[in-house]
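One structure is given below, encoded as structure tokens.
The values are calculated or read from the model by the stated rules, or taken from the named source; none is laboratory data. The structure presented is a predicted model; accordingly, all values stated were derived computationally and were not measured. Counting neighbours? That spans all protein chains shown, and the Cβs are built from the backbone with ideal geometry, glycine included. Accessible surface areas use protein heavy atoms only, side chains included; no ligands, DNA or RNA. Shrake-Rupley method; radii C 1.70, N 1.55, O 1.52, S 1.80 Å.
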Amino acid sequence: MNFHSSDRFDAIIVGGGHNGLVTANYLQRAGLNTLVLERRYIVGGACVTEEVFPGYKVSTTSYVCSLFRPEIIRDLELKKFGYEILERNPSSFSPYPNGKYLMFWRDQKKTCEEIAKFSKKDAVRYPEFEKKLEELSRFVQPLLDMVPPDPTSKNPRDLLATLKLLVRAKGLGSDIYEHLKVFAMSVADYLDMWFESEELKVRMATDGVIGAWAGPRTPGTAYVLFHHVMGETEGKPGVWGYVRGGMGGLTQALARSFESVGGKIITNADVERILVKEGEVQGVALKDGREFFAKRVISNADPNRTFLHMLGEEHLPTEFADGIKSIRYRSGVIKINVALRELPNFTALPGKEVGPQHHGTIHIAPTIDYMEKAFDDAKEGRPSQNPVIEMTIPSTVDNTLTPPGKHIMSMFVQYAPLERTDGKGWGQAEKDEFAKRVFKIVGEYAPNFESAVEHYQVISPLDLQNEYGLTGGNLFHGEMTLNQLFFMRPVPKYANFRTPVRNLYLCGSGCHPGGGVMGAPGYIAAKVILREKRLPSFLH
């Protein structure tokens, strides 16, 4: 094939999700001529805004933002390119079958007053609980920006990094025992240590299973809870917000920032093969026959797609290939996007006008046992009969998303297994059946809900895998379990964003520190590449 100088780049990013765009931005700013290739028609990966229904801007997959690193926002001048975060207050509303409800406010005193409705003892303990999580956050936050050291390596950099970690751990004193419990315990057991109120515990337990193939009694889910509370918005810890214009507002700002410094993006560019010669990356070949060449290729796809589909085992050491094959990608998430002609009118707090009950995340899960039973169904290969439902209505704080008087709702529902044992697949009939069941459950808390639904879109685990390129439908590019974190993510000895193929790197959520719209994997990948090549950069 004849190719032109325009087909040659210093770096190619495979996949235009938020992490890929972060890496691309830093590389381009360091003087590397960088190309981003995105397989879908729109840049952004699973962090996009799409007009699914006429006149509605829909955050089709990811739907709230908090973990995105503040240094990236600053370095890439994202606010200049349209990125704006809208805070939610209160942050959550949890109605219960008995007609009561619990709200979490930005103001801790107001939250404690809400908790006291269920337990005065818990209201007294809650500030201490938050303080403990903040202490753990101060220990973990610096780890989010570092390359995990290989504890088996004799490389001076790894030895020094491991020593620094030990010094940090020693500085915690006896608190380290308390902190280590968070990594090993189930969220249900951890919350039992602190609280007595079922309503409070189930409200917090949902943050421990969100996006995970796990129930509240699964070991390790306490860390998933912590992973969610350590986010920040505009420097305020634990605050989650909406991106104005939907989640695509973030990735479009990243794309504009990248293009403003000369970066190039090509959409509808489905990479079929990563080209390798004598153990060194050469470029990529697309499914439509186009080829692009570069000195280095950085994959924002998950490890399974990168190594077993685009690269091929023949280019990998057996031990590494076996490690990639052993990564678990189970997911029980199904996303339902709903256009509403009116707001849900909750029995626990009535009102069709925008009220505090509509601003934050609305949780439908009455008890820990309810959540565990929902997961039991999924483990047996069935969609949950009574699923755990999280809903957000971003149009209550962002008037750019819908026609006047209408609203858009994101429903994040668990559990719906990718592989079903009931003889059914995930065709339209099965998706409609599941959605109707979810709507009926919501209707038990807000009687007008079913009649308020104007349009809906169901994105099944199979859609997440096939349309968005997420193996197993897993949003995090691999489960966030203890054996798949830090220096074991994606596999031991390769948590440094490098791969066995020279000049082939990873930058996606399959790397440390994992999933969520945080941008940290893309940030650290850029740091690794630029330091390795001794290129100037303004990364910290």
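Tell me the label-point distance for the pair residue 380, residue 139, using the 7 Å Cα-to-Cβ offset, in nm and rounded to one decimal. My value for the distance between the label points is 4.0 nm.
Surface listing: 512, 455 arranged by accessible area from highest to lowest gives 455, 512, probe 1.4 Å.
Between amide H atoms placed 1.01 Å from N, distances below 5 Å from residue 382 occur with 421, all of them 5 or more places distant or on a separate chain. Taking all protein chains as shown and a probe of 1.4 angstrom, residue 107 keeps an accessible surface of around 80 Å². With the convex hull of the Cα atoms taken as the outline of the stretch 1-153, the averaged projected area works out to 17.1 nm². Taking Cα atoms only, the orientation of helix 520-532 departs from the longest principal axis of the chain by about 20 degrees.
For the chain, a crude dipole built from +1 on the beta carbon of Lys and Arg and -1 on the beta carbon of Asp and Glu, taken about the Cα centre, is about 1200 debye to the nearest 20.
Calculate, for the stretch 1-147, the solvent-accessible area per residue in square angstrom, rolling a 1.4 angstrom probe over the heavy atoms of the protein chains.
40
Amide hydrogen proximity for residue 44: with H placed 1.01 Å from N in the peptide plane, the residues at 5 or more positions away or on another chain lying under 5 Å are 16, 17. Once the Cβ-Cβ distance of residue 342 and residue 267 is raised to the sixth power relative to R0 = 41 Å, the FRET efficiency obtained is 0.70. Quick one: helix 175-184 against the long Cα principal axis of the chain, what's the angle to the nearest 10°, folded into 0 to 90? Orientation of helix 175-184: about 90 degrees from the principal axis.
Between residue 160 and residue 422, the distance separating the two model label sites (each 7 Å from Cα on the Cα→Cβ line) works out to 5.7 nm.
Hydrodynamic estimate: the Kirkwood radius of the stretch 431-500 over Cα pairs, inserted into Stokes-Einstein at 10 °C and 1.306 mPa s, corresponds to D of 104 µm²/s. Counting only DSSP beta bridges whose two residues both lie in the chain, roughly 70 percent are antiparallel. Beyond 21 Å in Cα-Cα separation lie the following of the pairs 100/379; 79/109; 110/201: 100/379; 79/109. Which pairs in the list 352/436; 57/373; 154/295; 131/527; 120/181; 335/373 are over 24 Å apart, alpha-carbon to alpha-carbon? The answer is 57/373; 154/295; 131/527; 120/181.
To the nearest 10 degrees, how steep is helix 18-29 against the longest Cα principal axis of the chain, on a 0 to 90 scale? Taking the Cα atoms of the chain, the angle to 18-29 is about 40 degrees.
Overall, the stretch 419-521 carries a charge dipole of about 660 debye about its Cα centre when +1 sits on the Cβ of Lys and Arg and -1 on the Cβ of Asp and Glu, all other atoms neutral. Solvent-accessible area per residue in the stretch 385-531 equals 33 Å², computed with a 1.4 angstrom probe and all protein chains kept. When the solvent-accessible area of the stretch 457-530 is split by element, carbon and sulfur atoms take up 57 percent of it, the probe being 1.4 Å.
Listed by chain and number, the aspartates and glutamates whose C-alpha is less than 16 Å from the C-alpha of residue 440, apart from same-chain residues fewer than 8 away, are 390, 430, 432, 450, 454. Need one word for the stretch 297-402: rounded, prolate or oblate. Basis is the Cα gyration tensor (sqrt eigenvalues a ≥ b ≥ c); a/c below 1.5 gives rounded, then a/b vs b/c decides. Oblate, since a/c reaches 1.5 and b/c is not below a/b. Between residue 193 and residue 432, the modelled label-to-label distance comes to 4.9 nm, taking each label 7 Å out from Cα in the direction of the beta carbon. Each Lys and Arg Cβ is given +1 and each Asp and Glu Cβ -1; about its Cα centre, the stretch 81-130 then shows a dipole of about 300 debye.
Here the mean projected area of the convex hull built on the C-alpha positions of the chain is 24.3 nm².
Just the protein heavy atoms count here, and of the accessible area of the stretch 1-158 at 1.4 Å, carbon and sulfur take up 52 percent. Note on the stretch 253-313: with neighbouring protein chains present and a 1.4 Å probe, carbon and sulfur make up 40 percent of its accessible heavy-atom surface.
Per-residue ellipticity at 222 nm computed for the chain from its helices equals -10000 deg cm²/dmol, with DSSP H segments shorter than 4 residues left out and the rest contributing -39,500 (n - 2.57). Between the residues 523, 397, 190, the greatest Cα displacement towards the positive end of the dipole of the chain, with unit charges on the Cβ of Lys, Arg, Asp and Glu, is found for 523. Under 5 Å from the amide H of residue 276 lie the amide H atoms of 282, each residue being 5 or more positions distant or on a separate chain, with H modelled from the backbone and absent for Pro and chain starts.
In the context of the full set of protein chains, residues of the stretch 179-227 present 28 Å² of accessible surface per residue (probe radius 1.4 Å, heavy atoms only). If you wrap the Cα atoms of the stretch 204-363 in a convex hull and average its projected area over all directions, you get 15.0 nm². Across the options 310, 320, 275, the greatest Cα extent toward the positive end of the charge dipole of the stretch 272-341 (unit charges at beta carbon of Lys, Arg, Asp, Glu) belongs to 310.
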